[in-house]
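The structure appears below as structure tokens.
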Amino acid sequence: AQKVTQAQTEISVVEKEDVTLDCVYETRDTTYYLFWYKQPPSGELVFLIRRNSFDEQNEISGRYSWNFQKSTSSFNFTITASQVVDSAVYFCALSEAFGNEKLTFGTGTRLTIIP
Amino acid sequence: DVKVTQSSRYLVKRTGEKVFLECVQDMDHENMFWYRQDPGLGLRLIYFSYDVKMKEKGDIPEGYSVSREKKERFSLILESASTNQTSMYLCASTGGVRRHYNEQFFGPGTRLTVL
């Protein structure tokens, strides 16, 4: 069975600080996908990134970066120089690489950026 | 842009009522999903469908049924609503191997309250 753990329930940081959201996953599949989604106060989930299990390169997109480490089954998300607009709930998720594409979500981390 | 729409943002129903939640996507996606989101539990899969008239149970199907008569529309049905079904319901779709594989696009959600 697949499982995603986001141990940090809530995080608060002051604006411009860096913050890392942790994600640890469990799966028996050798091929899988990992995702991060953002849910702002409006409620709609916004796709941030998808990572294939064969690609362990870190990725950077503006102030966002992701660190995928297969050895520790982790896929952590860092926001550099945080802004108030980053305040949201962030979900990490896992899916099979083939088949029905259903996602297994973590319980989410509520991030609050204090002005 | 992919668009997933849900019939209502907010819904209030009484215990025992039959409730229909509608979801429509405009990208000719094969796969559609219904999740419910509860504080501290993340998103949990209720049902999914990978083709018209095809459906499969997710992790928490009890008390729910679904209908997919047309490719673009996936309905979630609460046959007899109960207070423990008060939640946020999110619909999602993916394109399957031909398009948008493994990237789920979400609707804005329906916040259902059962009194």
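Cross-link partners for B:Lys53 among the aspartates and glutamates, with Cα-Cα distance under 20 Å and sequence neighbours closer than 8 places in the same chain left out: A:Glu101, B:Glu22, B:Asp26, B:Asp28, B:Glu30, B:Glu62, B:Glu69, B:Glu72, B:Glu79. Based on the reciprocal of the average 1/r between different C-alpha atoms, the Kirkwood radius for the protein assembly as shown equals 18.2 Å. Out of the total accessible area of the protein assembly as shown (probe 1.4 Å, heavy atoms of protein only), what percent is carbon and sulfur? On the protein assembly as shown, the fraction of accessible area on carbon and sulfur atoms equals 49 percent. Computing FRET efficiency as 1/(1 + (r/R0)^6) for B:Ser67 and B:Ser7, where r is the C-beta to C-beta distance and R0 is 22 Å, gives about 0.95. Among beta bridges from DSSP that stay inside the protein assembly as shown, the antiparallel ones total about 90%. Of all the options B:Ser93, B:Ser49, B:Ser80, the one that moves most in a Gaussian network model of chain B with Cα springs shorter than 10 angstrom is B:Ser80. Surface burial for B against A, with a 1.4 Å probe and both sides summed, reaches about 1800 Å² of accessible area.
The alpha-carbon of B:Lys55 sits under 30 angstrom from the alpha-carbons of these lysines, leaving out residues fewer than 8 places away in its chain: A:Lys3, A:Lys38, A:Lys102, B:Lys3, B:Lys13, B:Lys18, B:Lys70, B:Lys71. For the residues A:Arg63, A:Arg28, A:Arg51, a GNM of chain A with alpha-carbon springs under 10 Å puts the largest fluctuation on A:Arg28. In summary, the aspartates and glutamates within cross-link reach of A:Lys16, defined as a Cα separation below 17 angstrom excluding same-chain residues under 8 places away, comprise A:Asp86.
How high is the FRET efficiency from A:Asp22 to A:Ala1, r the C-beta distance, R0 25 Å, rounded to 0.05? Approximately 0.75, to the nearest 0.05. For the peptides A:34-42, B:62-70, residues were scored by their other Cβ atoms within 10 Å and the scores averaged per peptide; the highest-first order is A:34-42, B:62-70. At full extension, A:Glu10 and A:Ser42 could sit 9.7 nm farther apart than now, given 0.36 nm per residue minus the alpha carbon distance. Stretched out straight at 0.36 nm per residue, the stretch from A:Thr30 to A:Arg50 would grow longer than its current Cα-Cα span by 5.6 nm. Only alpha carbons enter this Debye calculation for segment A:31-100, each as an equal point scatterer, and the log10 of I(q)/I(0) it gives at q = 0.14, 0.17, 0.26, 0.27 Å⁻¹ is -0.46, -0.66, -1.25, -1.30. Computed from the Cβ-Cβ distance with R0 of 35 Å, the FRET efficiency linking A:Glu59 to B:Glu79 stands at 0.20.
The values are calculated or read from the model by the stated rules, or taken from the named source; none is laboratory data. Computed from a prediction, not measured in an experiment: that's the story for all the values here. Cβ coordinates were reconstructed from backbone atoms using ideal geometry, including for glycine residues, and neighbour counts include every protein chain displayed. Keep in mind that these areas ignore ligands, DNA and RNA; they rest on the heavy atoms of the full protein, side chains included. Shrake-Rupley method; radii C 1.70, N 1.55, O 1.52, S 1.80 Å.
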